[in-house]
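Asks: Got a structure here, written out as structure tokens. Questions coming.
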Amino acid sequence: LWKVPLVLVCENNGYAISVDTSKSQSTPDIADRAKGFGMPCAVVDGNDPLAVFEQTSAAVERAREDQGPTLIECKTVRWERHSGFSAGRYEDPEAAQRWRKVDPIPRFRQFLLDQGATEAELEACSKRAGETIRAAVDFAQASPVPTEQSILGGIFAE
């Protein structure tokens, strides 16, 4: 209604807590719900970084051009059960291993190799990524505990 510049991303792993979505919704695509709001939507392979980047870039461009929100549904597979105390078991034991076939990291790595990247370049990128993650974790652990009052910050325009 207000055409806010918003990109909504739904990571759809095929389950609603512990129920296969085919048994809990009438449409195979959650993105269909956007149509009821007159909102553009896209369904993308959530394990394909390039496809996700392409759809997200288009949605961000729409938002920046004041064309309103977009819903992107990224279809993926669940890696683990919902939680330690939920049923979350797979009816088919092979379904628990589906993610191994579509894991985006080795998939994208192979794409980069096919495009001419070298093993040394990929190893250097992996090392830099690990260093960035370690620095972020160290920063978070060294930061002071937020105050209760800070939870209210940044919510409303001031």
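The values are calculated or read from the model by the stated rules, or taken from the named source; none is laboratory data. Every value quoted in this text rests on a predicted model; they were computed, and no experiment measured them. Reconstructed Cβ throughout: ideal geometry from the backbone, glycine too, with neighbour counts over all protein chains shown. Protein only, heavy atoms only, side chains kept; ligands, DNA and RNA dropped before computing areas. Shrake-Rupley method; radii C 1.70, N 1.55, O 1.52, S 1.80 Å.
Asks: Do you know which residues across the range 33-48 are open to solvent by 50 Å² or more (accessible area, probe 1.4 Å) and within 16 Å of Asp103 (Cα to Cα)?
Replies: Within the range 33-48, just Asp45 meets the criteria.
Asks: Additional query: Which condition breaks for Ala96 when tested against (1) surrounded by 14 or more Cβ atoms within 10 Å (Cβ to Cβ); (2) at pLDDT below 95; (3) in contact with a Pro (Cβ under 9 Å, 6 or more places away or on another chain)?
Replies: (3)
Asks: Give the number of residues within the range 128-146 that are among the hydroxyl-bearing types (Ser, Thr, Tyr) and open to solvent by 90 Å² or more (accessible area, probe 1.4 Å).
Replies: Keep residues of the range 128-146 that are among the hydroxyl-bearing types (Ser, Thr, Tyr), which gives 132, 143.
Among the residues that remain, those that are also open to solvent by 90 Å² or more (accessible area, probe 1.4 Å) are: 132.
Matching residues across the range 128-146 total 1.
Asks: Going through the range 131-158 one residue at a time, which ones are under 23 Å from Val52 (Cα atoms) and not polar (S, T, N, Q)? Working first, answer last.
Replies: At the first step, the residues of the range 131-158 found to be under 23 Å from Val52 (Cα atoms) are 132-133.
The one that is under 23 Å from Val52 (Cα atoms) and not polar (S, T, N, Q): Ile133.
Asks: Can you tell me which condition Ile30 does not meet? The list is (1) open to solvent by less than 40 Å² (accessible area, probe 1.4 Å); (2) modelled with pLDDT of 95 or more, and all the others hold.
Replies: The one condition Ile30 does not meet is (2).
Let's see how each residue does on (1) loosely packed, with under 14 Cβ neighbours inside 10 Å; (2) touching a strand residue (DSSP E or B) at 6+ places or on another chain (Cβ under 6 Å):
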| residue | (1), (2) |
| --- | --- |
| Thr21 | no, no |
| Ser26 | yes, no |
| Ser57 | yes, no |
| Arg64 | yes, no |
| Ile72 | no, yes |
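Asks: Just give me the residues in the range 10-19 being modelled with pLDDT of 85 or more and open to solvent by 50 Å² or more (accessible area, probe 1.4 Å), in sequence order.
Replies: Taking the range 10-19 and keeping what is modelled with pLDDT of 85 or more, we get 10-14.
Listed by number, the list holds a single entry, Glu11.
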